[in-house]
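All remarks here apply to the structure that follows.
The values are calculated or read from the model by the stated rules, or taken from the named source; none is laboratory data. As the structure is a prediction and not an experimental result, all values here were calculated from the model. Cβ atoms come from the backbone with ideal geometry, glycine included; neighbour counts cover every protein chain shown. When the accessible area is computed, the model is the full protein with side chains, heavy atoms only, and any ligands, DNA or RNA have been set aside. Shrake-Rupley method; radii C 1.70, N 1.55, O 1.52, S 1.80 Å.
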Amino acid sequence: MRILILGGTSFVGRAIVDAAREAGADLTLFGRGRTGSELFPGVPRRIGDRDTGDYAALREGVWDAVVDVSGYVPRHVRQACDVLGERAGRYLFISSNAVYQPGSGPGSDEDAPRLPAERDTEQIGADTYGPLKVACEDDLLARFGQRATIVRPGVVAGPYDNQELFTYWVRRAARGGRVALPGRPEQPVQVVDSRDLARLVLRLLADDRPGAFNAVGPAEPVTMAGLIETCAAAAGTRVEIVPVPAESVPPGFPLVRPDPVWELTFQRSAARARAAGMPATPLSVTAADVLAWDRERGLPPLEVGLSPEEEDRLLAGA
């Protein structure tokens, strides 16, 4: 299979490239060439810039499928469709669970109500990310119809994580001891292994399957307390979970959703994706692999969560 990947050198894209190479696909990567230039030697690269609309490098070539990892605003999708046209068989777009309106669930599927599409801005933020992805989905479906496939990941976990939401808890649990949890230990949470997401993408392409698919995991429901304890077990440590007020930490703390409506975000159905062939890596395996990767890269500072010193001060008052 000849696959063009728009993006493909960081985290989710990197996992998809790895899976495609394992499957023996004939790959072409398209991007700015600014990151990951040392990755995937021998894989052809086309250099361009979606932000400026530079798709000149894609004016020639035919692909059985395109995987769009780097489309964030509807212009990205429209311009890619314009330049590729009939030279791409199937167009698989990596969207997001952020397209859904809050409040659907638990067990909501791909037919849950989405947010209104956003077309009046290209500023990506907490309030616009999901609506912009909705517009991307709509524009793709309008152009490619049954040749369009949409994958909506939730929180993604795995080696090379550039979001750090799961990595924070893996690293924290590996230190052991008293762990500050801003919120309820019984809060549900979902994370999907990046490699399961990648294998789903390849399966959907191989089967030439249209439609939308929630890429969420793990296979078994888990709470925040269960996630932290699983991470500790993978590291061989023991933890004591200490609930602290959610307002004692900045908004957007990794994986914590103090609003009961937003907790439903972590209770979506993956039944359609599982039926289509998405694997289910055990959470303990994901945690162990993330820990090994994090240690191998030298445990650099994280941009999310609490520093050890901040957590110590918070726990002192708990």
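Which residues, taken from the stretch 146-174, are modelled with pLDDT of 95 or more and polar (S, T, N, Q)?
Gln146, Thr149, Thr167, listed by residue number.
Given the condition in contact with an Asp or Glu (Cβ under 7 Å, 6 or more places away or on another chain) and open to solvent by 30 Å² or more (accessible area, probe 1.4 Å), answer yes or no: does some residue in the stretch 45-63 qualify?
No, there is no match, as no residue in the stretch 45-63 is in contact with an Asp or Glu (Cβ under 7 Å, 6 or more places away or on another chain) and open to solvent by 30 Å² or more (accessible area, probe 1.4 Å).
Could you list all residues from the stretch 215-230 that are open to solvent by less than 50 Å² (accessible area, probe 1.4 Å), out of contact with any Phe, Trp or Tyr (no Cβ under 9 Å at 6 or more places or on another chain), touching a residue at least 24 places away in the same chain (Cβ under 8 Å) and of a type outside the set (Val, Ile, Thr)?
Once the filter is applied, which keeps residues that are open to solvent by less than 50 Å² (accessible area, probe 1.4 Å), out of contact with any Phe, Trp or Tyr (no Cβ under 9 Å at 6 or more places or on another chain), touching a residue at least 24 places away in the same chain (Cβ under 8 Å) and of a type outside the set (Val, Ile, Thr), the stretch 215-230 yields Ala215, Gly217, Pro218, Ala225.
Would you pick out the residues in the stretch 1-42 that are in contact (Cβ under 8 Å) with a residue 60 or more places away in the chain and part of a loop (DSSP other than H, G, I, E, B)?
The answer is Met1, Gly7, Gly8, Ser10, Phe11, Ala23, Ala25.
Search the stretch 172-187 for residues being among the basic types (Lys, Arg) and under 12 Å from Val239 (Cα atoms), and hand back the single one that is least open to solvent (accessible area, probe 1.4 Å).
The residue in question is Arg172.
Test Arg143 against the criterion of being in contact with an Asp or Glu (Cβ under 9 Å, 6 or more places away or on another chain) and modelled with pLDDT of 95 or more, and give yes or no.
When the stated conditions are applied, Arg143 passes them.
When you go through Ala287, Ala275 one by one, which is the residue that is in a helix (DSSP H, G or I), within 17 Å of the chain's Cα centre (by Cα) and not β-branched (Val, Ile, Thr)?
Exactly one of Ala287, Ala275 is in a helix (DSSP H, G or I), within 17 Å of the chain's Cα centre (by Cα) and not β-branched (Val, Ile, Thr), namely Ala287.
Taking the conditions exactly as written (open to solvent by 10 Å² or more (accessible area, probe 1.4 Å) and not aromatic (Phe, Trp, Tyr)), does Gly158 satisfy them or not?
No.
Could you grab the pairs with beta carbons closer than 8 Å, sequence gap of 6+ or different chains, first residue in the stretch 140-157 and farther than 19 Å from Val99 by Cα, second one modelled with pLDDT of 95 or more and among the acidic types (Asp, Glu)?
Ala157/Asp193
Condition check: open to solvent by 60 Å² or more (accessible area, probe 1.4 Å), more than 30 Å from Asp127 (Cα to Cα) and of a type in the set (Lys, Arg). Does Arg295 satisfy that?
yes
Which one is nearest to Gln190 (Cα to Cα), of the residues in the stretch 84-100 that are assigned to a helix (DSSP H, G or I) and open to solvent by less than 30 Å² (accessible area, probe 1.4 Å)?
My answer is Asn97.
Would it be correct to say that Gly71 is open to solvent by less than 30 Å² (accessible area, probe 1.4 Å), within 20 Å of Asp51 (Cβ to Cβ) and not polar (S, T, N, Q)?
Spelling it out, Gly71 is indeed open to solvent by less than 30 Å² (accessible area, probe 1.4 Å), within 20 Å of Asp51 (Cβ to Cβ) and not polar (S, T, N, Q).
Could you check how many residues of the stretch 114-155 are over 24 Å from Tyr91 (Cα atoms) and crowded, with 21+ Cβ neighbours inside 10 Å?
Going through the stretch 114-155 one residue at a time, the tally reaches 0.
On the basis of being within 30 Å of Val201 (Cβ to Cβ), open to solvent by 60 Å² or more (accessible area, probe 1.4 Å), in contact with a helix residue (DSSP H, G or I) (Cβ under 8 Å, 6 or more places away or on another chain) and not charged (D, E, K, R), does Ala233 make the cut?
The answer is yes for Ala233.
Quick check on the stretch 94-102. Is at least one of its residues touching a residue at least 24 places away in the same chain (Cβ under 8 Å), over 19 Å from Pro153 (Cβ atoms) and not aliphatic (A, V, I, L, M)?
No, there is no match, as no residue in the stretch 94-102 is touching a residue at least 24 places away in the same chain (Cβ under 8 Å), over 19 Å from Pro153 (Cβ atoms) and not aliphatic (A, V, I, L, M).
Identify all residues within the stretch 236-251 that are touching a Leu at 6+ places or on another chain (Cβ under 8 Å) and open to solvent by less than 40 Å² (accessible area, probe 1.4 Å); write none if there are none.
Ile241, Val242, Val244, Val249, listed by residue number.
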